[in-house]
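J.: My structure is below; once you've seen it, I'll send some questions.
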Amino acid sequence: MAVSAAQEAAFTGATLGVPMGSFSLTILLVMFSVLYLWVVWVIVTQWKAWSQGKIDFYDFLTRVVRSIFLTLVLGFLLE
């Protein structure tokens, strides 16, 4: 579907001057920010569980590596 000049001008005016091309980049950056916050949350909670003796080091390591690997795969696919 082609975007007309009037539609692009209306979108730019409604988004306070942000062009349509950089809007998708903004959404992508927000998604990556949420993804990185999730990875930090996983690492911190697993570290706390390991330090309290609730899980062993192998479980800690596999869960952290799995979340980092998922971040890398999603980063490759989304970009």
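The values are calculated or read from the model by the stated rules, or taken from the named source; none is laboratory data. Keep in mind that what you see is a predicted model, and the values were worked out from it rather than measured. Reconstructed Cβ throughout: ideal geometry from the backbone, glycine too, with neighbour counts over all protein chains shown. Protein only, heavy atoms only, side chains kept; ligands, DNA and RNA dropped before computing areas. Shrake-Rupley method; radii C 1.70, N 1.55, O 1.52, S 1.80 Å.
J.: Could you do me a favour and compute the accessible area per residue for the chain, 1.4 Å probe, result in Å²?
T.: 78 Å²
J.: While we're on this one: Using a cut-off of 12 Å between beta-carbons, work out the net charge of the residues near Ile55 (Lys and Arg +1, Asp and Glu -1, Ile55 not included).
T.: +1
J.: Given the -39500 (n - 2.57) contribution per DSSP H run of 4+ residues, what per-residue ellipticity at 222 nm results for the chain, rounded to the nearest 500 deg cm²/dmol?
T.: -28000 deg cm²/dmol
J.: Compute the long axis of helix 5-14 from its Cα atoms, compare it with the longest principal axis of the Cα atoms of the chain, and write down the angle in degrees, 0 to 90, nearest 10.
T.: 50 degrees
J.: By how many degrees, between 0 and 90 and to the nearest 10, does the Cα long axis of helix 20-51 differ from the longest principal axis of the chain?
T.: Tilt relative to the chain: about 10 degrees.
J.: What do you get for the angle between helix 57-78 and the principal long axis of the chain? Use alpha-carbon atoms, 0 to 90 degrees, nearest ten.
T.: Taking the Cα atoms of the chain, the angle to 57-78 is about 10 degrees.
J.: Moving on. Below 8 Å, C-alpha to C-alpha, sequence gap of six or more: please give me the relative contact order for the chain in percent.
T.: 24 percent
J.: Taking all protein chains as present, what is the carbon and sulfur share of the accessible area of the chain, in % to the nearest whole number, probe 1.4 Å?
T.: 74 percent
J.: So what's the net charge close to Trp38: Lys and Arg +1, Asp and Glu -1, counting the other residues with Cβ under 15 Å from its Cβ?
T.: After counting each charged neighbour, the total is +2.
J.: With a 1.4 Å probe and every protein chain left in place, tell me how much accessible area Lys48 has, in Å² to the nearest 10.
T.: Approximately 110 Å² of Lys48 is accessible to the 1.4 Å probe.
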